[in-house]
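The values are calculated or read from the model by the stated rules, or taken from the named source; none is laboratory data. Quick caveat: nothing in here was measured; it's all calculated off a predicted structure. When we count neighbours, we look across all protein chains shown, and the Cβ atoms used for this are built from the backbone with ideal geometry, even at glycine.
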Amino acid sequence: MADRLSELIRRDAQDALREGWACEIAGREIYCLVETSSTNHVALNLARQGALEGTVVVADAQSAGRGRLGRAWLAPPGTSLLFSIVLRPRPGPPPFQTVMAVALGVVRGLAAGTGLEASLKWPNDLLLGGRKAGGLLAEGEAEEGGFGFMVVGVGLNVNFYPRRVAGIPAEATSILEVLVREVDRCALLRHILQAVDEEYALFRRGVSPHARWAEALATLGKEVVVELAGDRIRGRAERADENGALWILEPGGSHRRILAGDVTHLRTVG
């Protein structure tokens, strides 16, 4: 399949890439990069320089892509969706609700573009059939007078087989692996940004994404192991609160509130 996204990125064809979008915010400005270290790194620098909310940085390849907890994010050039968006959420709601809104948009856009029903693994993994196909990485900075901006990066495995790439965990998957066919990355990006824009617009109007985000979490109701710095917790994931924290019921009956950690699903309870 000829890849339109690679072609448009090489041409820096922002207008052609935006064709068909009805987004209010996402894609106000688009930076097309054939290769960069990390789209989040570029977007953070643009945000510090006053980039418009909704500025998108999209790359065909990353030389130093980053995931959560300092991990590398690997993807062969021209095979994945690798983009970051600059957001400037209003003060008030918990900052992680911005990430909830983006995650819901990615799930919705993925369904619209491929027909696949994705779920989320707490806090920021995208799952297809229970296997990781992508993830989100959020980074933000405060400015004088309150919260300043947030950059949310998205990496999604699209047209390659992860198990054929050294360094990618064997349990990872991709859209190609699930559908057994390649998909148009350009069309998929448009579907996802359209849905992200709609979810973020709701959030800006004061509609909390928390309930729907929690419903999309495959983690809830499962026995999990949470790896923390110097600690390891095992128990049942019972709920995720408005701030995005995960509540674990430990075998002894006590509850632990986890703000950040590495979660492994063990089994479904009941």
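Of all residues in region 71-114, those being without any contact (Cβ under 8 Å) to a residue 12 or more places away in the chain and assigned to a loop (DSSP other than H, G, I, E, B) number 2. Residues considered: L189, L249, L266. Of these, the only one that is without any contact (Cβ under 8 Å) to a residue 60 or more places away in the chain and either over 22 Å from G129 (Cα atoms) or within 22 Å of the chain's Cα centre (by Cα) (or both) is L249.
In this structure, is P123 surrounded by fewer than 20 Cβ atoms within 10 Å (Cβ to Cβ), assigned by TED's automatic domain parsing to the domain that holds N157 and part of a loop (DSSP other than H, G, I, E, B)? So P123 fails the test. Taking (1) at negative phi; (2) touching an Asp or Glu at 6+ places or on another chain (Cβ under 6 Å) in turn, G78 satisfies each apart from (1). Take the conditions (1) modelled with pLDDT under 95; (2) under 16 Å from A75 (Cβ atoms); (3) within 12 Å of the chain's Cα centre (by Cα); P123 misses just one of them, which is (2). Selection of first residues in region 175-186 that are in contact (Cβ under 8 Å) with a residue 12 or more places away in the chain and of second residues that are surrounded by 16 or more Cβ atoms within 10 Å (Cβ to Cβ) and aromatic (F, W, Y), restricted to Cβ pairs under 7 Å at least 6 apart or on distinct chains, gives the following pairs, ordered by first then second residue: L176/F160. If I filter region 141-159 for residues that are of a type in the set (D, E, K, R), farther than 19 Å from A59 by Cα, touching a residue at least 12 places away in the same chain (Cβ under 8 Å) and surrounded by 12 or more Cβ atoms within 10 Å (Cβ to Cβ), do I get at least one hit? Yes: one or more hits.
In the set G54, G50, only one residue is assigned to a loop (DSSP other than H, G, I, E, B), modelled with pLDDT under 95 and outside the structural domain of L228 (by TED's automatic domain parsing); that residue is G50.
Filter region 9-47 down to the residues that are part of a strand (DSSP E or B) and either touching a residue at least 40 places away in the same chain (Cβ under 8 Å) or of a type in the set (A, V, I, L, M) (or both) and list them by number. I30, L33 - these are the residues of region 9-47 that are part of a strand (DSSP E or B) and either touching a residue at least 40 places away in the same chain (Cβ under 8 Å) or of a type in the set (A, V, I, L, M) (or both).
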